[in-house]
Structure formats: structure tokens, C-alpha cells
Amino acid sequence: MLTIRHTTTHGVDFISLSGRLGSADVSRATDHIQQVLEGGSTLITFDMQELEFIDSSGLSVLVSTLKKTRRNGGNVVLANVNDRIMALLELTRLHEIFDIYDNEQVVLARFG
């Protein structure tokens, strides 16, 4: 099961993903992210510290959010990516299109 938490710190929207982001949770995740985007967010950070699993449909949520955000002059970055998910990002070459940071403090130092 996926748990989604949203916070805003110094103009940076953090969406924390916990559990599993698979096909069963894509609709709910997309709806939640759409609400954040409608709020005018220009920088979204997906905090993946507690994300245990992501499949191709979950990756598509990340990519579509990146596309929508960049169309509006913003960006999506990833933080706290564990080794297992990093391996998947590298396998799919998504690590080449997402900026990936070690933790939220680094994101805030860069963008906040």
C-alpha cells in the first residue's frame, strides 16, 4: 500500500512516498500530485526514503509529473533514493533525466 504525504518548505513541495507505488496506486498518486500542481508548485521533490517498491507504472507517474512541471517552467527532483530503486532508475536510464539528491537538506540548500 502507498502512503503519500505532502509538505512545503521554503517554496519547495516535498511529496513523500512510502510503501509501494505500483499500478494499483497510480490513480491515487496522480490525483494527489495533480492537486499539488494546481496549487502552483514549480519545484516538486519526491522523497523516496520510505519507498520500498516502484514498477513501470509508478515510474510513469514520476516522468509525467516531470513533463507537466517542466512545461510550466519548473522541475521535479528525487531525494533519499535507496539502492534498490536507484538500480531501477539506472536500468531505465531515468537517473539521466532526474536530478537526484541525497536528502531534503541538500534540496533546500540548492533550491530553498
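Here, each number is a calculation from the coordinates, and none is a lab measurement. Source: prediction; values computed, not measured. Cβ placement follows ideal geometry from the backbone for every residue including glycine, while neighbour counts extend to all protein chains displayed.
Results, tabulated for the structure shown:
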| item | result |
| --- | --- |
| Percentage relative contact order, segment 2-111, counting C-alpha pairs under 8 Å, at least six apart | 26 |
| Whole-percent pair-distance distribution, where bins are 5 Å wide, for the alpha carbons of segment 2-111 | 2, 12, 26, 28, 22, 9, 1 |
| Neighbour-count order for Thr65, Thr3, fewest beta carbons within 10 angstrom listed first | Thr3, Thr65 |
| Pair Arg71, Asp31: separation of 7 Å Cα→Cβ label points (nm) | 2.1 |
| Exposure proxy order (Cβ contacts within 10 Å, fewest to most) of Glu50, Glu104 | Glu50, Glu104 |
| Label point distance in nm, Arg5-Asp102, each placed 7 Å from Cα along Cα→Cβ | 2.2 |
| Sorted by Cβ density within 10 Å, fewest first, the residues Phe111, Phe14, Phe53 | Phe53, Phe111, Phe14 |
| Label point distance in nm, Ser64-Arg20, each placed 7 Å from Cα along Cα→Cβ | 2.0 |
| Residue-averaged 222 nm ellipticity for the chain, from DSSP H runs of 4+ at -39500 (n - 2.57), nearest 500 | -12500 deg cm²/dmol |
| Test item: Cα-centred dipole of the chain, Lys/Arg +1 and Asp/Glu -1 on Cβ, debye | 360 |
